[in-house]
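Okay, so here's the structure we're looking at.
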Amino acid sequence: MGACRLCLVEVAGIPKLLPACTTKVREGMEVQTNSERLRKYRRMTLELLFAERNHVCAVCVANGHCELQTLAYSQGMDHVRYDYRFPKWEVDDTHPLFGMDHNRCILCSRCVRVCWHIEGAGTKNVSGRGAKARIISDLNQPWGTSDTCTKCGKCVMSCPTGALFNKGSTVGEMERDRGKLEFIVTAREKKQWIAE
Amino acid sequence: MAQRIVIDPVTRIEGHAKISIFIDDAGNVSDAEFHVVEFRGFEKFCEGRPFSEMPGITPRICGICPVSHLLTAAKAGDAIMAVNIPPAADKLRRLMNLGQMIQSHALSFFHLSAPDFLLGWDTPQAKRNVFGLIASNADLARAGIRLRQFGQEVIQILGGQKIHPAWAVPGGVRSALTEEGRDRIRAWLPEAYATTKIAFDLFKKVLETHKKEVEIFGNFPSLFMGLVDADGGWEHHGGKLRFTDSSGSIIADQLDPQKYYEYIGESVQASSYLKSPYYSPLGFPDGMYRVGPLARLNVAEQMGTPKADAELKKFKKLTRGRNAVTSSFHYHYARLIEILTSIERVEAYLDDPDMLSEDLRADAGINSLRGVGVSEAPRGTLFHDYTVDRDGLLKKVNLIVATGQNNLAMNQTVAQIARHYVRGDKIPEPMLNRVEHGIRCYDPCLSCSTHAVGQMPLHVQLIGPGGTVLHEVARG
């Protein structure tokens, strides 16, 4: 991906910062993951993420369990220096079990990847470009009308913010256990399905 | 020459406001208006959100009574899901609402209003506040602050935080009382009773020395509205609505709160962001009614707890044969009786095994496209009316809050006080202090009523018949 730039690292000998997620590891590579320069850019990137859509932690279903919020705390983001864009995004609450609030989406596309590569349903995708990019279901239709969605909930479990949620959730109720996703992927390999 | 007096800003209330007093050609007060000059637009920006988020969003209207919005939003959600919530959840919500009554009433009485009638009207404004009260009677101020703390702790023990707990949800509540929490609440009770007794003794002395204030601080006929139980007793989080008039006659009883729009109209005035609800069978403005402690005690036949019932009997004697207490100065008295019944009810709930129940939340989809939640907030009856689409996203939100319902009564109160003090084209200082207190009797919360925010200064204008401002006083 390399889109969000939150995983920027310093590599010795290369003046520009590189996103760790798209940089291949080489023998003898010297990598700095935490420096004043990196913290400065991470804070800036976080501020841009907060300014881009409508992230209102106090009333969010993921409050207290949100990766974006946790990162902001850990990086010392105490102000947003950019003008909020206040875009008008809708909530898709057409699905019988889950809801999608585009206001809280940071376009990390984890939901897309988990849907295609782990569940194999291929329901979720990204449409549009730049600030207009958004997560869609099937042929850009209400999620509840999707023929491919298996209602497995892996997308909800993978979402780092409150963008995907169990329907009916109220403030701070969306606690996710990402260990379950890892278990699905690695349990066979680790023979975790076999009782000792 | 006719004039207009404007008091702007009004202090020691929750929000921003301005008062205009209109003077006719003869130099007499013809009318008064209490303007709320803030605007927030909660009803509009909630549109499009899932209804299940409303107990999280609407408490943000106000930091004083977030619990009232929390519980009423959850109730409106119950109505959209068309569920009966588990009995334990209903009792737990009631327990939190009682904590809210205690903390808010203690704030109104001790922090906001007591400085006026304990330190004296003509004490300089800089000293006539809670700090002045601390300087002159530290024990009393401390007791009042701690009584508020007790109410706040009930809220915190249940909801995890004192302000904006996201604890009540459509269908019930998230968690029960713990045994440890129950014991903490119980430990507070003796002190809470003792402070309430001090407040009663004090206020009874105040009544003897403030006979004139009782006569002119909003003493006029009006309707009164509040929730009552099936026996016509005091109710705060259930029951049906009752209207009585100033002769004490019941003019409508056991009205279904879900259908409030069949008997309550809302008038909009150009001069204020506050809507003015009225009892629609009598039209506007004849359908003016008051809500809040005074109204609840006027419509209730009994409080339902022994100590408060004994006080209610004394309170009802203030009617002097009219069967309704019509002076808004007695809002203070009514608040104390409500604190007392709330403490008694909290005590009774502590021994209820349901308080520790695990059966707390009903689950359901969208079964009704419109849901109304009604509850008694400290300042009066609160309505949340949500219309949703089939997916549960809000299409329309209507909030009717206590201060709005008291709007017309506050205008009359200001006019009545001004008539006693304004002569000619100047604003006399004693009037300013008393007009402010007239408003304070209602403990208005302008953040809630306009769903607005801000600190509370006072601005008064004296306005002549031609609309010219003759005298203007502002302080903040």
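Data for the structure
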quantity	calculated
Dipole magnitude (debye, nearest 20) for the stretch B:220-326, charges at Cβ of Lys, Arg, Asp, Glu	480 debye
Sparse-neighbourhood loop sites, trypsin sites (Lys or Arg not before Pro) in the stretch B:277-357 - DSSP loop, at most 11 other Cβ within 10 angstrom	B:Arg320
Using alpha-carbon coordinates, inclination of helix B:179-209 to the longest axis of chain B, degrees	20 degrees
Simple spin-label estimate for B:Ile250 and B:Glu472 in nanometres, 7 Å along Cα-Cβ	5.1 nm
Sites A:Ala133 and B:Glu429, calculated FRET efficiency, Cβ-Cβ separation with R0 51 Å, nearest 0.05	0.20
Helix-only [θ]222 nm of chain B, DSSP H runs n ≥ 4, -39500 (n - 2.57) each, per residue, nearest 500	-12500 deg cm²/dmol
J(HN,Hα) series, the stretch B:235-251, from Karplus relation 6.51 cos²θ - 1.76 cosθ + 1.60, nearest Hz, glycine and proline x	9, 9, 8, x, x, 10, 8, 10, 10, 10, 9, 6, 8, x, 6, 7, 9
Sites B:Lys259 and B:Arg142, calculated FRET efficiency, Cβ-Cβ separation with R0 45 Å, nearest 0.05	0.45
Loop-located GluC sites (Glu not before Pro) in the stretch A:19-128, at most 11 other Cβ atoms within 10 Å (DSSP)	A:Glu27, A:Glu30
Rg/Rh (Cα only; Kirkwood hydrodynamic radius) as it applies to the protein assembly as shown	1.04
Over chain A: helical MRE at 222 nm, DSSP H runs n ≥ 4 each giving -39500 (n - 2.57), nearest 500	-6000 deg cm²/dmol
20 Å Cα-Cα threshold exceeded, pairs from A:Lys88/B:Lys75; B:Lys18/B:Lys162; A:Lys151/A:Lys180	A:Lys88/B:Lys75; B:Lys18/B:Lys162
Lys/Arg +1, Asp/Glu -1 at C-beta; chain B dipole; positive extreme among B:Asn406, B:Ser52, B:His164	B:Asn406
Residue-span extension gain [B:Gln302 to B:Ala230] - 0.36 nm each, minus C-alpha spacing	24.8 nm
For chain B, diffusion coefficient by Stokes-Einstein and Kirkwood Rh (Cα), 4 °C, 1.567 mPa s, µm²/s	58 µm²/s
Long pairs among A:Lys24/A:Lys132; B:Lys204/B:Lys313; A:Lys40/A:Lys124; B:Lys211/B:Lys313; B:Lys91/B:Lys317, criterion Cα-Cα beyond 24 Å	A:Lys24/A:Lys132; A:Lys40/A:Lys124; B:Lys91/B:Lys317
Shielding score for B:384-393, defined as the mean number of other chain Cβ atoms within 10 Å	3
Pair A:Arg26, B:Arg390: separation of 7 Å Cα→Cβ label points (nm)	5.9 nm
C-alpha long axis of helix B:306-316 to longest principal axis of chain B, angle in °	30 degrees
Area projected by the alpha carbon convex hull of the stretch A:59-196, averaged over all directions, nm²	10.4 nm²
Rg/Rg_ref, the stretch B:220-326, where Rg_ref = 2.2 N^0.38 Å and atoms are Cα	1.09
Averaged over B:51-61, number of beta-carbon atoms from partner chains that fall within 10 Å	5
Footprinting exposure proxy for A:Arg104, B:Arg370, B:Arg361 (fewest neighbouring C-beta atoms within 10 Å first)	B:Arg370, B:Arg361, A:Arg104
Cα-based Rg / Dmax (Å) for the stretch B:290-358	14.0, 50
Pairwise FRET efficiency - A:Leu97 versus B:Ala348, Cβ, R0 = 41 Å, nearest 0.05	0.50
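Since every read-out is calculated from the coordinates, none of them should be taken as a lab result. On a predicted model such as this, the values are computed, not experimentally measured, just so you know. Note: ideal-geometry Cβ built from the backbone for every residue, glycine included; neighbour counts use all protein chains shown.
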